Amino acid sequence: MNAAITTTAQPDTRRLELILRQVDALPTLPVVATRLLSLTSRDDSTIDEVVELISSDQALTAKVLSMISASNLGVRDIKTVDRAVVMLGFDTIRNAVLSVKVIEAFSGESDGKADSASKPTFPHTDFWRHSLAVAVAAERIADAHPHDKELRAPEAFVCGLLHDMGKLALDRVLPKAYDRVIELVELNQGNIAEFERRIVGMDHHTTGKRLAEQWQLPQVVSDCIWLHGSRFESVPDLPHRRMVGLIALADLIARTQHIGFSGNFVLRDEPAELARQLQLDPECVEKAVTELHEQVGRRAGVLGLNDTPSEKSYMLSIQQANQMLGRLNSALVRRTQTGARQAQVIDAISAFHSLAAPGRTVSDVTTQVVRSAIDVFGAGYYGVIYPSKRDQSWLISTFNREGKVDRSDFVDPPAGAPNLVQVDPGHPGALNQMGILPWLADYIGDAVDIRELRLLPLGCGYGTAAVLMHDRSALPSWKLLSALTNTWGAALAASTEHDNARRVGEQLADLNHALADAQEKLLRNESLARVGEMAAGAAHEMNNPLAVISGRAQLLNQSLLAGSKEQKMAATIVQQSQQLTDLITSLRLYADPPQADRRVTDIAELLDETVKHVQDRTARNLKAPIYLKVNKDMPTVWIDPNQIQLAVADLLTNALEALPRSGVNISARIDANGERLIIQVSDDGAGMDQDTLSHALDPFFSAKTAGRNVGMGLPRAHQYLRAHGGTIGLRSTVGEGTVATITIPLDSAN
């Protein structure tokens, strides 16, 4: 029989609720026990009421009378219930009745095998024998400490007897699942609570607590059922915390003596150490151990548990111990085999880590994953499906028997395919039922028999990093295999993040360049803003004095003899005053940016007028020709003709001042999409160096070697174009000339 622990997924909340509802539907505590609990908990109860209640149940009357002879009171001839109640006391009577009625509530279960097969069923007789041993051990230890008010013997007995009744409840409501629990715990010699949580979804501690609450058992009983399996140091600070510890100690003693069936083969503590933590006398605990078999044999008959003579009880315990040793030996062999597989997996993980170094690309790590799989599973067909995180495509790579890539393609997954990243890697078989295999058959072709193809998810922190395709039939158990597949998946996830980080780094470098450009533009805008503030103040303060100077100079020029030295000086004053007026007007463009007054304009006619105006104005000093190239059938555009004319005139003037060798060329066109007007002015003059080019649009910047004047021509043109949402682009080489390109979006007119 395969001893591997196959587990189901953790049940969801709805399943647990269904189990608890089945527990709640178990038979309720018999009426006699319920009424007796109520009577003995009231301060005004009388002996007569208790006697009357017990006497109404003949079987219970016989049990109570038999307890007198089994007690340590030294009385043997009591024949009436009232005398028994007086001698035993309310607490003893209550706990005795409770014990009897709980056993009756779960009676009628068959012992031994459910059928002729080897499948085990819950061993009820051995279970009650263990429970009785715990009850007797707890009672004897409490009796040995009469001054310890927290440990009362009658209470200890019933807590010990009922401490494991959650197992009975689980066996009743889920018999098939609990048979599997019994089978696994016998094979693996572990703790039954762990297998209950794996197979059923909840353990007998929680189930027993729920049943105790339904039956309204005393709180101390409920807490002992719930917490006796916890380490004593982790038990909450309850009023009866030491009683919980006492039941845990009694349970440990019963298991070390191999009395009955507990299903827990794990001995975490020594009885002496636990007794020390409970501040109990170790000699009293030791005495309880030595007398346990005899006491259990004497008390079993009283509760109807098929009395076993103490000598036979010893032999039965020895037999159970020998059987446990045999099971432990078998478990050891299985664990040795498992250890060998674990060593193989650990070696594979170590070898993989030595090859898949940090910083490797996804492609490199994928290759190392396949080579590691070949080392562990053997040579065969392998492939990897890698879900891209940037889009919805899959990267499918197939490999030859040496672990080298045969083929690698980005493909679109089939319609209705799952999101592989979100596939739970803990359920490797789920992928085979998701409709991927038929689609893979078309992609793979004849490379492998699709019936032998397996899909193995490689898990990582966020889900599934990739899927390994293979044709291997014999693999390690999933518990071992998951450690290896998660290592592969984590390495693939890390390489993915590394690739993403490298890509982000490149994008950040591009963004840094863009940020530097933006900062440069921001500084330029701030400079322009300061110019605007200065212009506003300068225009206000200088306009009036300048008007007086210009006016007086003009009058003086007219009154002086033409051609005289004084008349030439007056003419110079008039000319310079006009230049200063033009400069102040340009500065006002930054103080109060102009708005475009758009209207339908014939761009060919406008440019022709602009060229003639510039030639007339510069004819005396700049004699280079200007060549205009515009289609006569060019459509009209929606612009401010005055602003565009001034901007183009500034560009033409700058080109002429660069002293071109063959002249200045100007052209205009509308782009292929009909969305932008493009005007280009080029010359083959002095050109500009890189520093001059980078500052050409800055106010007041001038480079005499490039033929610039006071430095407001290009900035002024730029302001006019910004009113249209347009731009100026400059391209220049020293000694070869300059190309200025005006771009005006035409849709901005709508």
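The values are calculated or read from the model by the stated rules, or taken from the named source; none is laboratory data. A quick note: this is a predicted structure, and the numbers were derived from the prediction, not measured. Every residue, glycine among them, receives a Cβ derived from its backbone with ideal geometry; neighbour counts consider all protein chains shown.
Descriptive notes on the structure:
- Residues that are under 24 Å from Ile349 (Cβ atoms) and either without any contact (Cβ under 8 Å) to a residue 60 or more places away in the chain or assigned to a strand (DSSP E or B) (or both) occur at least once in the range 405-413.
- Of the set (1) at pLDDT below 90; (2) surrounded by fewer than 20 Cβ atoms within 10 Å (Cβ to Cβ), all apply to His718 but (2).
- Test: residue in the range 216-229 that is of a type in the set (A, V, I, L, M), touching a residue at least 12 places away in the same chain (Cβ under 8 Å), at negative phi and outside any helix (DSSP H, G or I): yes
- Qualifying residue in the range 660-667 (condition: farther than 16 Å from Asp608 by Cβ and either surrounded by 20 or more Cβ atoms within 10 Å (Cβ to Cβ) or of a type in the set (D, E, K, R) (or both)): yes
- Taken together, Lys79, Lys63 contain a single residue that is over 60 Å from the mean Cα position of the chain (by Cα), at pLDDT below 70 and farther than 19 Å from Glu155 by Cβ, which is Lys79.
- Members of the range 603-662 found to be over 18 Å from Val739 (Cα atoms), among the acidic types (Asp, Glu) and at pLDDT below 90, listed by number: Asp616, Asp633
- Only one of the numbered conditions (1) at pLDDT below 80; (2) under 28 Å from Asn665 (Cα atoms) is not met by Glu541, and that is (2).
Residue-wise test of (1) more than 15 Å from Leu721 (Cβ to Cβ); (2) without any contact (Cβ under 8 Å) to a residue 12 or more places away in the chain.
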site: Ile603; (1), (2): no, no
site: Ala619; (1), (2): yes, yes
site: Leu628; (1), (2): yes, no
site: Pro641; (1), (2): no, no
site: Leu659; (1), (2): yes, no
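- The single condition among (1) surrounded by 21 or more Cβ atoms within 10 Å (Cβ to Cβ); (2) within 20 Å of Phe265 (Cβ to Cβ); (3) under 37 Å from the mean Cα position of the chain (by Cα) that Arg198 does not meet is (1).
- Restricting the search to strands (runs of 3 or more DSSP E) fully inside the range 590-642 and requiring at least 1 residues that are under 20 Å from Asp671 (Cβ atoms), of a type outside the set (Val, Ile, Thr) and out of contact with any Cys (no Cβ under 6 Å at 6 or more places or on another chain) gives 626-629, 637-639.
- Each residue in the range 693-715 was checked for being modelled with pLDDT of 75 or more, surrounded by 20 or more Cβ atoms within 10 Å (Cβ to Cβ) and assigned to a helix (DSSP H, G or I), and 2 of them qualify.
- When residues of the range 235-279 are limited to those that are out of contact with any helix residue (DSSP H, G or I) (no Cβ under 6 Å at 6 or more places or on another chain) and not in a loop (DSSP other than H, G, I, E, B), the one surrounded by the most Cβ atoms within 10 Å (Cβ to Cβ): Ala248
- Taken over the range 438-456, residues that are out of contact with any helix residue (DSSP H, G or I) (no Cβ under 6 Å at 6 or more places or on another chain) and either buried (at least 22 other Cβ atoms within 10 Å of the Cβ) or in a helix (DSSP H, G or I) (or both) amount to 8.
- Some residue of the range 479-491 being more than 30 Å from Leu697 (Cβ to Cβ), without any contact (Cβ under 8 Å) to a residue 40 or more places away in the chain and surrounded by 11 or more Cβ atoms within 10 Å (Cβ to Cβ): yes
- Candidate set from the range 135-186 (those that are among the acidic types (Asp, Glu) and surrounded by fewer than 24 Cβ atoms within 10 Å (Cβ to Cβ)); member that is farthest from Thr125 (Cα to Cα): Asp148
- Residues being within 23 Å of the chain's Cα centre (by Cα) and not in a strand (DSSP E or B) - total across the range 367-402: 6
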